[in-house]
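Right, one structure below, let's go through it.
No lab work stands behind these numbers, since they all come straight from the coordinates. Every value quoted in this text rests on a predicted model; they were computed, and no experiment measured them. Glycine also receives a Cβ, built like all others from the backbone with ideal geometry; neighbour counts cover every protein chain displayed.
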Amino acid sequence: MDENIFLSYAWNDTCNNDSEKLVDEVAEILINEGFNVVLDKKDLEYKGSIIEFEKRLGRSNKIIIFVSDRYLKSEHCMLEFLFIKQNKNVRDRIFPIILSSANIYNEIDRIDYINYWDKKIEDLNLKIKTIKNPIGITSVINKVDQYNDIRRIFADITDMLRDMNSFTLEILRSNDWEILKNSIKSQVKEKKVIEITPDEWSNNWINKISNIFKQK
C-alpha cells in the first residue's frame, strides 16, 4: 500500500508498561499487512529536523495516536496534534489507541491536564520577565504561543477522543489487530489535506514581548 501511516506516541512512557513495545507491535503488524509505517525512531535520520517531521506527520491522512498521560503532557506530542488539527479533517485521519493512564473521561481528571498547561504558560511567562535584555528571544516568545495554542485546543482534542469509540487495548489486540487494520483499510484512500503555512506563533512577536515586559 502506497500511503504512509504515521505513529504518534510519547517516548519513555513509564506510566504504561512496555508502551514503546506496544508501538513496535502495532508497527510490525501493519508492516506485515503491507502498510508503509513511518516511525520517528527509524525514519527521522541523524540531524534531521524534528519540527519538519512533526509537520509531515500533521499532514498525513493516516495517523495512529497512542494516547497516554505522558502523551497529553508532552510538548512534542501535543505539537504533533496541533499540526494535525491545523490540517483539518482530524476525526477522519486519526486512529486513537487510548491507554489506561490517559485520564480523559473524568472531567475532574481532565481539568488537571488543563491546569498543567496553564502552569507551563504561567511559569514560562514569569521566567521571561526575568530577562533584562529582550533582544534575540523570538524563539522564547514563540514557545509561549505554542503552549497557548496547545492549551486552546486541548478541550477540543479530548472532547473528540472521548466521543470516539476507540475500544479497549484488549479488544483491539484481539484477532491480530483486525479492527484497527480494517478501519484503516476502509478509510477513504485519497484525501487532500491542505497545510496551513503561516506561522501563527511568530506573528506580532514584538508586541508580545512589549506586553510581557509592561507587566513587570
Quiz item: Each label point is 7 Å from the Cα along the Cα-to-Cβ direction; what then is the distance between the points at Lys47 and Arg152, in nm?
Solution: 3.6
Exercise. Kindly identify segment 78-125 as rounded, prolate or oblate by the Cα gyration tensor criterion: order the square roots of the eigenvalues as a ≥ b ≥ c, call it rounded if a/c is under 1.5, otherwise compare a/b with b/c, prolate if a/b is larger, else oblate.
Key: oblate
Exercise. Work out the FRET efficiency for Asp92 and Asp118 from their Cβ-Cβ distance, taking R0 = 22 Å, and round it to the nearest 0.05.
Key: 0.15
Quiz prompt | Candidate aspartates and glutamates for bridging to Lys41, where Cα separation is under 18 Å - those fewer than 8 sequence places away on the same chain excluded | solution = Asp13, Asp18, Glu20, Asp24, Glu25, Glu28, Glu52, Glu54, Glu75, Glu80
Practice problem: Starting from segment 52-152, pick out the chymotrypsin sites (Phe, Trp or Tyr not before Pro) whose DSSP state is loop and whose Cβ has at most 11 other Cβ atoms within 10 Å. | Solution: Tyr105
Self-check item: Cα Rg, Dmax (largest Cα-Cα span) when computed across segment 99-181, Å
Solution: 18.5, 61
Quiz prompt | Distance violations [Cα-Cα > 18 Å] among Lys88/Lys120; Lys73/Lys143; Lys55/Lys143; Lys55/Lys120; Lys85/Lys181 | solution = Lys88/Lys120; Lys55/Lys120; Lys85/Lys181
Quiz item: In whole Hz, what ³J(HN,Hα) sequence does segment 126-134 give by Karplus (6.51, -1.76, 1.60; θ = phi - 60°), x for Gly and Pro?
Solution: 5, 5, 4, 5, 7, 6, 7, 10, x
Exercise. For segment 27-168, just say rounded, prolate or oblate: build the C-alpha gyration tensor, square-root its eigenvalues into a ≥ b ≥ c, call rounded for a/c under 1.5, and beyond that prolate if a/b exceeds b/c, oblate if not.
Key: oblate
Quiz prompt | Shape of segment 1-105, Cα gyration tensor, a/c cut at 1.5 | solution = rounded
Exercise. Just grab the label-to-label distance for Lys127 and Met164, each label 7 Å out from Cα along the Cβ direction, in nm (one decimal).
Key: 3.1
